[in-house]
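Engineer: This is the structure I have questions about; it appears just below.
No value in this document is a laboratory result; all are computed from the given coordinates. Just so it is clear, the model here is predicted, and its values are computed rather than measured. Here Cβ is always computed from backbone atoms with ideal geometry, including for glycine, and neighbour counts include all displayed protein chains.
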Amino acid sequence: MSSRNVRLSEKAWDNASKISAILFSIRDLKNNFNSISVMRKEAVKQLKEIPDSILEYFDICDAETLVPLTIFIKEKPAVMVVAIWIDGVRLIDNVEL
């Protein structure tokens, strides 16, 4: 468990667990999205629905350079990155695509 997670109340920890669940869900549905833009919008929508949270940022980036992507490049790995505030704690997460 991250040192940041131990600072969360039980309710906030439950809300924080939704972050990775959303990222994995979006990853698993990657092929259902028409574009990175649509995928990004859906992820942001779901992340903003986490109770008592403030989304700082979400993006889909080149996994090596962390430059935001506008299209997927088959030969280059991509990663979703997120920072979100819950219960006064800044949480960060990432999931490879």
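Engineer: Find, to one decimal place in angstroms, the Kirkwood hydrodynamic radius of the range 5-96, where the mean of 1/r is taken over every pair of different Cα atoms and then inverted.
Structural biologist: 13.6
Engineer: Hey, in the GNM for the chain with a 10 angstrom Cα cutoff, which one of 56, 64, 75 fluctuates hardest?
Structural biologist: 75
Engineer: With n ≥ 4 as the cut-off for DSSP H runs, can you work out [θ] at 222 nm for the chain, using -39500 (n - 2.57) per run divided by the number of residues, rounded to the nearest 500? Spell out each step's value before the answer.
Structural biologist: Numbers: 2 runs with 32 residues, N = 97.
The per-residue figure over the chain is -11000 deg cm²/dmol.
Engineer: Quick one: 18, 48, fewest Cβ neighbours within 10 Å first, how do they rank? Kindly include the intermediate steps, with their values, before the conclusion.
Structural biologist: Values: 18 18, 48 12.
The fewest-first ordering by Cβ neighbours comes to 48, 18.
Engineer: Next question. Angle check, please: helix 36-48 long axis (alpha carbons) against the longest principal axis of the chain (alpha carbons), in degrees 0 to 90, nearest 10.
Structural biologist: Between the helix axis and the principal axis of the chain, the angle is about 10 degrees.
Engineer: Counting pairs on different chains as well as pairs 8 or more places apart, how many Lys pairs in the chain have Cα atoms under 14 Å apart? List each step's numbers first, then the result.
Structural biologist: Details: 18/45; 18/48; 30/41; 30/74.
Lysine pairs meeting the criterion: 4.
Engineer: Please work out how much length the chain gains when fully extended from residue 92 to residue 67, using 0.36 nm per residue of separation minus the C-alpha to C-alpha distance, in nm with one decimal.
Structural biologist: Working: separation 25, 0.36 × 25 = 9.00 nm, distance 1.69 nm.
The residue 92-residue 67 span can extend by a further 7.3 nm.
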